[in-house]
Each structure stands twice: as structure tokens, then as C-alpha cells.
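The values are calculated or read from the model by the stated rules, or taken from the named source; none is laboratory data. Quantities reported herein were computed from a predicted structural model and do not represent experimental measurements. We place every Cβ from the backbone using ideal geometry, glycine too, and count neighbours over all the protein chains shown.
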Amino acid sequence: MAAVSSHPSDVLDLLAATGQEPGGAVAVVRDGVVECDHSVGTRDGSSPWTSDTLVMTFSVAKPFAALAFLDAVGEGAVGLDQPVASVWPEFGCLGKDATTMRDLLSHQAGLPAFPAEAKDLRYDDRDALVDLLANAAPIHRPGAGVAEHALTYGHLLDEVLRRTTGEPLAERFARLADQAGWDLHLRVEERDLARVATLVEPRGTWRSGYLDDPRWGPALGRPPGLLDVDVLNSENFRRTPFPAVALHASALSLATFYDSLTAPDGFVATRLGHELWRAYLEPAAVGHDLVLDRPVTWTLGFQVDEEDGRVEVGMGGAGGCSAWTEPAAGFGAAYVSRRLGTHEQGEAVWLAVGEQFRP
């Protein structure tokens with residue numbers, strides 16, 4: 001092992017001691033062995049954060065929405081290169097007629113935000129939001145650009161699944177999670193509500209910084225409320241599927257998922273089959289993402305990053321949570337927090353994970 005400056009547990013302890021971390025966890029799993037599962041703070045201001053505490057993780061959800069969709073692809077219910085309009089005829093207007101399922105999964109459909117009319121809708125009005133997407137004009141020709149489908153991703157995939165299988169995406173994922181033993185939820189069941197951490201918003205401009213941004217404002221502000229802690233902490237939100245962002249997860253289950261993700265004999269590879277599993281992990285779209293405003297490599301569900309020759313596959317969320325694997329190092333890792341903010345804290349944990357667990 002390379003020399004290390006700190007352990008991720010120590011980093012998290014320091015963040016808690018300095019008041020920067022009110023509650024969170026870091027976990028690392030390698031070859032099925034839990035090498036780190038450390039919690040600090042509380043889940044609600046009084047109850048200690050424990051290994052099975054769940055927290056809302058924003059876009060960390062997207063790979064799991066994609067997995068549920070790909071599971072239906074693997075069963076033959078829908079094809080990756082099949083036009084969306086072949087199963088959702090209303091969608092095939094305003095230049096979207098050739099949009100494929102692959103375009104949806106890889107953020108190439110040109111629908112990174114709900115239309116402006118969504119400002120007047122509730123986040124739980126699924127049918128109205130889906131209708132807006134069907135009648136929306138893409139911001140670029142489908143397949144010819146990339147722009148993270150920040151809130152729209154799950155609704156697009158969910159509507160296709162409902163039309164092809166009759167099953168909502170969140171229900172299909174719940175079956176997969178139950179079979180795999182993952183404590184991951186795109187809709188929190190009533191029995192699990194007591195384990196969910198209460199999100200807290202830091203002082204400053206976290207929310208307004210997103211909403212006032214010309215890229216992020218439309219992407220995260222329509223429908224309203226999904227950056228509002230009162231909404232996010234409500235039982236209604238926790239019980240409402242919003243599959244692009246509403247993953248409630250424990251750090252340990254995220255790390256467990258990512259540990260086995262790249263294993264040819266792991267649950268995901270076995271479930272999807274080798275070809276579809278490789279498509280899930282390998283680059284599908286590369287370009288300057290119009291929402292993230294930087295070069296991005298998307299797979300059919302993940303972001304792929306490379307730094308100093310190290311490849312990482314994973315996903316982060318707007319609140320600061322993240323989960324990832326380094327295939328060459330052979331581990332899965334996750335950092336989750338109830339403090340909404342930037343990724344600075346997560347980056348400190350990420351650096352410590354790399355130093356400690358990278359060969």
C-alpha cells in the first residue's frame with residue numbers, strides 16, 4: 001500500500017469535529033469485504049447516524065434508474081436502439097421521432113429540463129410532467145449532443161417501462177434491490193421512514209446558486225421544490241418516486257453495489273448478461289455537457305472520469321453525496337451526508353479513500 005496522509009474515517013471525524021458535518025458516513029468494500037464503514041453525527045439532530053441510516057442522495061440515483069431500465073432491455077421488453085416513439089407515440093414530435101432508448105440512457109435526448117410550464121406543477125404530478133416531456137422540443141438534435149437530464153431522466157425511463165412492461169421503474173428497481181440485498185430505495189417504504197436522515201441546508205447560497213444559474217435553474221428548478229429541505233424532508237417526497245434524484249441510500253449499500261459492479265460474476269453482470277453489462281459500464285457518449293459545462297463521458301447510466309491514468313465509474317449528486325468504483329483498485333466506495341452543499345467535503349473523503357485503499 002502507498003503511504004497515506006489520512007484515513008477516510010479520520011477525515012470524516014475532523015469534518016464532524018469542526019462543525020462541517022452534522023451527519024454522514026463513508027464506506028469502502030473490496031471483494032465483498034467491508035474495509036471501512038464509518039458514521040459520524042446524527043440523522044436528525046439527536047439520533048446517532050448508524051450503518052443503516054438512509055439519506056436522499058440526488059443524482060446518485062441515476063445509475064439505479066438506468067439499471068431498472070436495462071433489466072427490461074435484458075428481458076427483451078425494449079431495445080436500446082428502438083425509437084422511443086415506437087412505444088410512446090406522443091413523444092415523436094418536434095424532432096424527437098428518431099430519439100432512441102440509448103439516447104435517453106446516455107443523456108443525449110436533448111431534454112435536460114422540464115419545460116417552463118413545469119414551474120406551475122407539483123413534483124408528484126407524474127402524469128402532467130410526462131406529458132410536458134412528450135410535447136417538448138429538444139435543445140439539440142437527439143444523439144448529436146450531451147446534456148445531463150438532471151430531473152427528467154427518471155420520468156423518461158419510467159414512462160417507457162410503464163408502456164412496455166406495465167411496471168413502474170421504482171417497483172422494478174425495488175425487486176432488483178431485494179434480490180441483491182441492497183439497502184437502496186427509489187421510493188421509501190413506510191417501514192423504512194424512521195431510518196431516513198433529515199437534510200439540512202447550510203447558510204449561504206447553495207439553493208440560490210443553483211436556481212439563479214442559467215443552466216442549473218431550469219434543470220433543477222422545474223418543477224419547484226426539489227431543492228427545498230422542507231419538501232425533501234417530507235414523508236410525501238420520500239414516498240413519491242422521482243427516479244432521477246430520489247434515491248435514499250446507506251453508504252454501505254452503495255459501496256457494496258459498486259464493489260461488485262465490475263465483477264463478471266457479480267449480481268449486475270449476471271442479471272444483465274455480459275453484453276448489456278458492458279454497455280452499462282462503457283462509454284456511450286462523450287462531449288461537452290451543456291448542463292455541467294465541462295467535458296463528460298457518459299455510459300448508459302454512469303459518469304466515467306480519468307485522473308492520472310486512474311479510471312473511476314460512478315455518480316455524484318447536487319447535495320454532495322457520491323459513490324464510485326475504481327476498477328483497477330478493485331473497491332467500491334461511497335460518501336453520504338445530510339448536509340446539502342458543494343462537493344468539497346466529499347472530495348476530501350475521496351482523496352483519503354484513494355490514498356488508503358488504492359494499491
Checklist outcome for this item: Checked pairs for segment 30-49, first touching a residue at least 24 places away in the same chain (Cβ under 8 Å) and closer than 14 Å to Ser253 by Cβ, second of a type in the set (D, E, K, R) and buried (at least 18 other Cβ atoms within 10 Å of the Cβ), C-beta under 9 Å and 6 or more apart or across chains, list as Gly32/Asp259
Checklist entry - When only residues in segment 131-148 that are of a type outside the set (A, V, I, L, M) and part of a loop (DSSP other than H, G, I, E, B) count, which is farthest from Pro83 (Cα to Cα)? => result Glu148
Next on the checklist: Filter segment 272-305 down to the residues that are among the charged types (D, E, K, R) and closer than 27 Å to Ala25 by Cβ and list them by number.
Outcome noted: Asp305
Checklist entry - Mind checking which residues of segment 188-204 are outside any helix (DSSP H, G or I), modelled with pLDDT of 95 or more and under 16 Å from Asn233 (Cβ atoms)? => result Val188, Val196, Ala197, Thr198, Leu199, Val200
Item to check | Hey, Ala118 buried (at least 20 other Cβ atoms within 10 Å of the Cβ), outside any loop (DSSP other than H, G, I, E, B) and at pLDDT 95 or above or not | outcome: yes
Item to check | Flag for Leu220 being surrounded by 20 or more Cβ atoms within 10 Å (Cβ to Cβ) and either within 19 Å of Ser337 (Cα to Cα) or modelled with pLDDT under 95 (or both) | outcome: no
Next on the checklist: Which of the numbered conditions does Trp206 fail, given that it passes all the others? Conditions: (1) more than 25 Å from Arg43 (Cα to Cα); (2) crowded, with 16+ Cβ neighbours inside 10 Å; (3) not polar (S, T, N, Q).
Outcome noted: (1)
Checklist entry - Does Pro223 qualify as being out of contact with any Gly (no Cβ under 8 Å at 6 or more places or on another chain), without any contact (Cβ under 8 Å) to a residue 40 or more places away in the chain and either in a loop (DSSP other than H, G, I, E, B) or more than 26 Å from Pro359 (Cβ to Cβ) (or both)? => result no
Next on the checklist: On the basis of being among the basic types (Lys, Arg) and either in a helix (DSSP H, G or I) or touching a residue at least 12 places away in the same chain (Cβ under 8 Å) (or both), does Arg175 make the cut?
Outcome noted: yes
Checklist entry - Does Ala113 fit the bill of being under 23 Å from Asp230 (Cα atoms), under 20 Å from the mean Cα position of the chain (by Cα), touching a residue at least 40 places away in the same chain (Cβ under 8 Å) and crowded, with 21+ Cβ neighbours inside 10 Å? => result yes
